[in-house]
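Q: The structure under discussion is supplied below as structure tokens; questions concerning it will follow.
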Amino acid sequence: MINKRLNKNARKVDKFLLYFLKNQKKSTLVAPMKYGVISGGKKIRTTIIFDSGKLLNIKEKKLIDICAAVECIHSYSLIHDDLPCMDNDAMRRGKPSTHKKFGEATAVLAGNSLLTLAFEIISNKKNLLSLKQKNEIIKLLCNCAGHTGIAGGQDLDLKYEKKNKSLNQIINMQRKKTGKLFKFCVQSASIIGNKSKSENIRFGKLGEEIGLLFQLSDDFLDLKGSQKLVGKPIKKDKKKGKSTLIKLMGYENALRYADNLMKKILIKLKKHGKNAKNLIETIKFIRGRSF
């Protein structure tokens, strides 16, 4: 059921992105941009947005632009993360990384173009959101994608290699690198649902927790998963000396930490009754990926 829903949602956002790009002026970067963002990965962040929308009784047509923007941001970050100057990964989503397919310079420029495309999608006049909502969402995305979010988290991830870091330092790094974009997914739905400022913050914190759970599951997959399942080489974290909770507290303690985090998230969601069904299912899927 969950896989069917994930695939369906991924097709929706791929269709949107293909149509959006089709109606733009052509450039030599469109091919590597499509390669990086279309038909790859499960697009879990899109499903988190749709699930959060269902939680708040928001129609999907008001969320699809946000889904497309998030996938552009996420794909841009992966293209750059894979570069030789960063994580130096040759495979992504079961195929050669963008820089392996098109060259390093083109990959950098394609990643940059996906980053700017995200904001173009949100601000587009065909987007059904109000100007106030667009402004709030753009401000939130800037916070989650830039030096206080993904970019800052990646910088810390690289700087922490082969160093002993504390629990708070590792969690802070992972919240920025992964949690912040999940924060955006949930909090942007709250903004579209016209919730209060305090509710927006509360939903944002929930999103960060979901993102941290996702990163933990990713770390477990790197250690115990298969390359076929993950779509990229495994056991890289240990080879590169990455600072992870598994390295800090051990595999079994990290598992318990992840399970307790999931329980905490589910307790919050169950208060929303049947509207939370899809999001609860997605949370369990995220945690279950590492088994």
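The values are calculated or read from the model by the stated rules, or taken from the named source; none is laboratory data. Computed from a predicted structure; not experimentally measured. Glycine gets a Cβ as well: all are built from the backbone with ideal geometry, and neighbour counts include every protein chain shown.
Q: Could you please find all residues in the range 7-52 being aliphatic (A, V, I, L, M) and under 22 Å from residue 91 (Cα atoms)?
A: Residues satisfying the conditions are 10, 29, 30, 31, 33, 37, 38, 44.
Q: Can you tell me which residue among 48, 66, 79 is in contact with a His (Cβ under 9 Å, 6 or more places away or on another chain), within 27 Å of residue 209 (Cα to Cα) and among the β-branched types (Val, Ile, Thr)?
A: Every option except 79 fails the conditions.
Q: Taking the conditions exactly as written (touching a Phe, Trp or Tyr at 6+ places or on another chain (Cβ under 8 Å), over 16 Å from residue 115 (Cα atoms) and of a type in the set (Ser, Thr, Tyr)), does residue 190 satisfy them or not?
A: So residue 190 passes the test.
Yes/no matrix, rows are residues, columns are (1) under 22 Å from residue 182 (Cβ atoms); (2) in contact with a Lys or Arg (Cβ under 8 Å, 6 or more places away or on another chain):
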| position | (1), (2) |
| --- | --- |
| 52 | yes, no |
| 63 | yes, no |
| 84 | no, no |
| 92 | yes, yes |
| 108 | no, no |
| 112 | no, no |
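Q: Let me ask you something else. Evaluate the range 100-112: report whether one residue or more is crowded, with 23+ Cβ neighbours inside 10 Å, under 21 Å from residue 200 (Cα atoms) and aliphatic (A, V, I, L, M).
A: Within the range 100-112, none of the residues are crowded, with 23+ Cβ neighbours inside 10 Å, under 21 Å from residue 200 (Cα atoms) and aliphatic (A, V, I, L, M).
Q: OK, next. Among the residues of the range 37-46, is there at least one that is among the aliphatic types (A, V, I, L, M), modelled with pLDDT under 95 and surrounded by fewer than 16 Cβ atoms within 10 Å (Cβ to Cβ)?
A: No, because not a single residue in the range 37-46 is among the aliphatic types (A, V, I, L, M), modelled with pLDDT under 95 and surrounded by fewer than 16 Cβ atoms within 10 Å (Cβ to Cβ).
Q: Moving on. Which condition from (1) buried (at least 19 other Cβ atoms within 10 Å of the Cβ); (2) within 19 Å of residue 2 (Cβ to Cβ) is the one that residue 272 breaks?
A: Single failed check for residue 272: (1).
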